[in-house]
Ligand SMILES: Cc1cc2nc3c(=O)[nH]c(=O)nc-3n(C[C@H](O)[C@H](O)[C@H](O)COP(=O)(O)OP(=O)(O)OC[C@H]3O[C@@H](n4cnc5c(N)ncnc54)[C@H](O)[C@@H]3O)c2cc1C
């Protein structure tokens, strides 16, 4: 299950009857820094625990036994995008924005078709053929990402209402709701 915030939580029961609770925080480290130390961020774990307690007050007092995180990739469309390099000899799919377990299987079919069945129907989808707006390079990238994150947080705080900035982004094809 997941809740319906822009910054959503996902949660499920594990096979041994425990709760897996995740999502919500997405931190950009200026300069595209990706380091193992970023995967274990105490502030993020504290926020997740606080939000868990708010969602399930009847479970107050239980402790989390395991914590983990990791880098995710994104595009301005917040979903997978496709491309070719090296004169069409290499095809790629990337930008799953943390929603890749199902989407990678679908995208693998697109990559297979690009190589083996270039006439396949799926390759004619605009979603497959078009590219998302590029994310600007640094030093613009960090402020733009923060602006977007603040707008999304503001929308969640306002019960999902989308202000002028987010509506403009939707019109440009930027974000989950575009
Ligand atoms: C903390 C976290 C939580 C997530 N939660 C969810 C979720 O709940 N739901 C969801 O749908 N998605 C989730 N995702 C996203 C999902 O995991 C990814 O979108 C998906 O795994 C991407 O699949 P992939 O096959 O493209 O890449 P990967 O799964 O990253 O596979 C790439 C593989 O290539 C290998 N590799 C890399 N370089 C080389 C090399 N040079 N030679 C050989 N092998 C190499 C790597 O070891 C790896 O096994 C989450 C991601 C993270 C980090």
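Some notes on this structure:
- Test: residue in segment 133-147 that is within 16 Å of the ligand (Cβ to nearest atom), part of a loop (DSSP other than H, G, I, E, B) and out of contact with any helix residue (DSSP H, G or I) (no Cβ under 8 Å at 6 or more places or on another chain): no
- Hey, residue 10 within 12 Å of the ligand (Cβ to nearest atom), free of Cβ contacts under 8 Å to residues at least 24 places away in the same chain and surrounded by 14 or more Cβ atoms within 10 Å (Cβ to Cβ) or not: yes
- The residue list 175, 159, 98, 154 contains one member that is within 24 Å of residue 51 (Cα to Cα) and touching a strand residue (DSSP E or B) at 6+ places or on another chain (Cβ under 8 Å), which is 98.
- Taking segment 113-122 as the range and being farther than 15 Å from residue 80 by Cα and surrounded by 12 or more Cβ atoms within 10 Å (Cβ to Cβ) as the test, the residues that pass are 113, 114, 117, 120.
- 2 or more residues out of contact with any helix residue (DSSP H, G or I) (no Cβ under 9 Å at 6 or more places or on another chain) and within 29 Å of residue 157 (Cα to Cα): qualifying strands (runs of 3 or more DSSP E) within segment 6-96: 9-13
- In the condition set (1) closer than 22 Å to residue 176 by Cβ; (2) without any contact (Cβ under 8 Å) to a residue 12 or more places away in the chain, residue 90 is compliant with all but (1).
- Tallying residues that are on the phi > 0 side of the Ramachandran plot, surrounded by 11 or more Cβ atoms within 10 Å (Cβ to Cβ) and modelled with pLDDT of 90 or more within segment 84-102 yields 2.
The values are calculated or read from the model by the stated rules, or taken from the named source; none is laboratory data. In this text, all values refer to a predicted model and were calculated from it rather than measured experimentally. Counting neighbours? That spans all protein chains shown, and the Cβs are built from the backbone with ideal geometry, glycine included.
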